[in-house]
Amino acid sequence: MHTSLTDEDYYQSGKASQQQQQWGDAINAYKKALELNPGSRAAAALEYIYEILQFRNTEMINP
């Protein structure tokens, strides 16, 4: 029997990836959650990751 993953499943997967600093996997999981449910809390999590990555990239460019 095949069970479909929910937006919450993808959110939790993204959260686990984020905690391991696996940014690409986290972003992909959060985006999938948002495809399934545009109102998912993954939206805030995705925004947070983008802020982290923007900050880190700025530090690399301007040490």
Notebook entry, point to check: Just one of the numbered conditions (1) surrounded by fewer than 16 Cβ atoms within 10 Å (Cβ to Cβ); (2) touching a Phe, Trp or Tyr at 6+ places or on another chain (Cβ under 9 Å) is not true of Ala44; which one?
Noted result: (2)
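Give me the helices (runs of 4 or more DSSP H) completely within segment 4-63, filtered to those with at least 1 residues that are of a type in the set (Val, Ile, Thr), ordered by residue number. Explain how you work it out, then say what you get.
Values: elements: 7-19, 23-36, 42-61.
Those helices (runs of 4 or more DSSP H) span 23-36, 42-61.
We did not get these values from a lab; they are worked out from the coordinates using the rules stated. This structure is a prediction, so every number in the text was calculated from the model and none was measured. Please note: Cβ atoms are built from the backbone with ideal geometry, for glycine as well, and neighbour counts cover all protein chains shown.
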